[in-house]
Amino acid sequence: MSQKARGTRRHPVRHAATLTMTDETTLPAHTLDLSQGGVSLQTASQIRLAQYCAVSFQVQLKDGAHKVLAMGQVVYSDPDAELGYKTGVQFLRLDHGSVDVIRQLLQEPA
């Protein structure tokens, strides 16, 4: 997905993350960038499009560590020579605390 195709501003973030699939399989990942609508991740394997999953990662803000937890759907999972696979997850549901954390992350200078 091109940057122009996205409707919201992306913010680079680099954190260890976990994807939990609907069959409860967990996959390690790393965040690449984040918006209010979703997250781009580095994954070791390709993930089936339209698959539902939970994404979780922890970020450090000025007032301490915060966990982001979202339910989402895979919208792309493309091979990348350097990263393995670049996988995009569109958020379908965020808890209130995660909405606030993402809002703060997007307000901070990159």
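The values are calculated or read from the model by the stated rules, or taken from the named source; none is laboratory data. None of these values were measured; they are calculated from a predicted model. Every residue, glycine among them, receives a Cβ derived from its backbone with ideal geometry; neighbour counts consider all protein chains shown.
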For the range 1-13, what are the residues that are over 10 Å from the mean Cα position of the chain (by Cα) and either in a loop (DSSP other than H, G, I, E, B) or at pLDDT 95 or above (or both)? Met1, Ser2, Arg6, Gly7, Thr8, Arg9, Arg10
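Name the one entry in Leu83, Leu94 that is surrounded by 14 or more Cβ atoms within 10 Å (Cβ to Cβ) and either acidic (Asp, Glu) or under 14 Å from Asp33 (Cα atoms) (or both).
Numbers: Leu94 fails: either acidic (Asp, Glu) or under 14 Å from Asp33 (Cα atoms) (or both).
Criteria check complete, one pass: Leu83.
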Taking the range 66-83 and keeping only residues that are modelled with pLDDT of 95 or more, over 15 Å from the mean Cα position of the chain (by Cα) and of a type in the set (Gly, Ala, Ser), one is left with none
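How many of the residues in the range 59-79 are surrounded by 13 or more Cβ atoms within 10 Å (Cβ to Cβ) and not hydroxyl-bearing (Ser, Thr, Tyr)? First the steps, then the outcome.
Step one: list which residues in the range 59-79 are surrounded by 13 or more Cβ atoms within 10 Å (Cβ to Cβ), which gives 59, 66, 68-77.
In the following step, the residues that additionally are not hydroxyl-bearing (Ser, Thr, Tyr) were identified as 59, 66, 68-75.
Selection size over the range 59-79: 10.
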Tell me which of these Leu34 doesn't satisfy, since it passes every other one: (1) in contact with a helix residue (DSSP H, G or I) (Cβ under 7 Å, 6 or more places away or on another chain); (2) without any contact (Cβ under 8 Å) to a residue 40 or more places away in the chain. (2)
